[in-house]
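Every number in this text was worked out from the coordinates using simple rules, so none of it is lab data. These numbers were taken from a predicted model, which means no experiment stands behind them. Here Cβ is always computed from backbone atoms with ideal geometry, including for glycine, and neighbour counts include all displayed protein chains.
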């Protein structure tokens, strides 16, 4: 069974935050620091509340559901983790992100 688009976005976001937290804050992959856990909870809630169906990528969306501070944090996470995946040959994660 194929995952719903919002489920796929949530899985991708979780993986990006896990990598960011692990490399920037020294956490292990199973346990996020409190700041990253709060960011993931916030993003999960916002994704669940998204009124658009199908939900576009955040960068292409006309309705910005994150407040400015969370949006800046997500951008930082995505930039860092995206480069991390590129440098480690995990282009498959980026292809999934950009093509979904």
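Given R₀ = 25 Å, FRET efficiency for residue 31-residue 62 by Cβ-Cβ distance, to 0.05? Can you show the working numbers first?
Values: r = 36 Å, r/R0 = 1.44.
Using R0 = 25 Å, I get an efficiency of 0.10.
Kindly provide the helix-only [θ] at 222 nm of the chain, computed as the sum of -39,500 (n - 2.57) over DSSP H runs of four or more divided by all residues, to the nearest 500 deg cm²/dmol?
On the way: 4 runs with 66 residues, N = 100.
About -22000 deg cm²/dmol.
Express in nm, to one decimal, how much length is gained between residue 14 and residue 86 on full extension, taking 0.36 nm for each residue of separation and deducting their alpha carbon distance. Present the calculation step by step, with values, prior to reporting the outcome.
Details: separation 72, 0.36 × 72 = 25.92 nm, distance 1.74 nm.
Length difference between fully extended and current span is 24.2 nm.
With the crude spin-label approximation of a point 7 Å out along Cα→Cβ, what separation in nm comes out for residue 53 versus residue 38?
3.3
Ordered by packing density, taken as the mean number of other Cβ atoms within 10 Å over each peptide's residues, highest first, how do 45-58, 7-20, 71-84 rank?
Working: 45-58: 12.0, 7-20: 17.9, 71-84: 16.2.
Descending packing order for the listed peptides: 7-20, 71-84, 45-58.
Taking springs between alpha-carbon atoms closer than 10 angstrom, which of 61, 33, 21 fluctuates most in the Gaussian network model of the chain?
61
Compute the normalised compactness of segment 5-99: alpha-carbon radius of gyration over 2.2 N^0.38 Å, N being the residue count.
Relative to the rule-of-thumb radius for its length, segment 5-99 sits at 1.04.
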